[in-house]
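For reference, the structure discussed in these notes is given below.
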Amino acid sequence: MRTRLIDTTVGVINARDALILNKLAMDRFPREVELSLNLATELASNISTDERYIDISFIFKNVVKFGLCGLDYFNENVLDTCFCEVIDSDFLNQQKTLVEKGFKHYFLESYDEVIEVVAQEYNLILPEGLRRADEKMDKSN
């Protein structure tokens with residue numbers, strides 16, 4: 001299995017210590033999975049905040065595959081970073097219609113868990129007022 005890192009709104013999230021899973025919520029209709037996590041800001045490459053930790057959420061939409069595995073029991077040692085996409089996914093290669101509809105195969109690694117999701121899209125929800133490191137603060141106010 002080959003993976004590639006995903007450069008999110010907060011940049012690349014590095015090291016398994018960067019994320020701690022707080023809560024997992026699944027909705028059947030629509031098929032969504034929401035992961036509420038605690039992010040160590042120093043391990044995200046593009047955040048500008050004085051806070052050491054912030055609460056974030058990943059919301060995956062139109063989920064067709066989901067799995068959670070304790071990190072100690074995850075057999076693959078191929079994840080590039082905490083959040084990555086599987087290249088040439090065996091699952092998606094067997095389901096060509098999903099590829100045509102834009103589905104992607106993701107892995108998200110937290111401190112104690114590895115989460116696998118195949119979904120059509122995801123959203124990263126950040127705290128109000130959080131700035132990316134490359135954004136300039138408006139000093140006119």
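The values are calculated or read from the model by the stated rules, or taken from the named source; none is laboratory data. Note that the coordinates shown come from a computational prediction; the quantities given were computed from them, not determined experimentally. Cβ: placed from backbone, ideal geometry, glycine included. Neighbour counts: every protein chain shown. With ligands, DNA and RNA removed, areas are computed over all heavy atoms of the protein, side chains included. Shrake-Rupley method; radii C 1.70, N 1.55, O 1.52, S 1.80 Å.
Accessible surface for residue 91 stands near 50 Å², nearest 10, in the context of the full protein assembly shown (1.4 Å probe).
About the centre of its Cα atoms, the chain shows a dipole size close to 420 debye [charges on the beta carbon of Lys, Arg (+1) and Asp, Glu (-1) only; nearest 20 debye].
Residues with beta-carbon under 9 Å from that of residue 104, excluding residue 104: net charge, scoring Lys, Arg +1 and Asp, Glu -1? Net charge in that neighbourhood comes out at -2. Which value, in Å² and to the nearest 10, is the accessible area of residue 26 when all protein chains are kept and the probe is 1.4 Å? Probe radius 1.4 Å; accessible area of residue 26 about 120 Å². Ranking of 68, 19 by solvent-accessible surface, largest first: 68, 19 (1.4 Å probe, protein heavy atoms only, all chains present). Backbone phi angles across segment 35-49, fed through the Karplus curve with coefficients 6.51, -1.76 and 1.60 (θ = phi - 60°), yield HN-Hα couplings of 10, 9, 10, 9, 10, 7, 4, 5, 9, 10, 7, 9, 10, 10, 7 Hz in residue order; Gly and Pro are listed as x.
A crude spin-label estimate for the pair residue 111 and residue 29, with each label 7 Å from Cα along the Cβ direction, gives 3.8 nm. Counting only protein chain heavy atoms and rolling a 1.4 Å probe, the accessible areas of 61, 104, 23 rank, largest first, as 23, 104, 61.
Among the protein heavy atoms, those of residue 17 account for about 90 Å² of accessible surface (1.4 Å probe, every chain in place). Projecting label points 7 angstrom from Cα along Cα→Cβ for residue 88 and residue 52 puts them 4.3 nm apart. Placing a label point 7 Å from the Cα of residue 130 along the Cα-to-Cβ line, the residues of segment 16-50 whose backbone N sits under 12 Å from it are 19-20, 36-50. Considering helices alone, the calculated mean residue ellipticity of the chain at 222 nm is -1000 deg cm²/dmol, with DSSP H runs of length four and up weighted by -39500 (n - 2.57) and normalised per residue. A convex hull fitted around the alpha carbon atoms of the chain yields 125 Å³ per residue.
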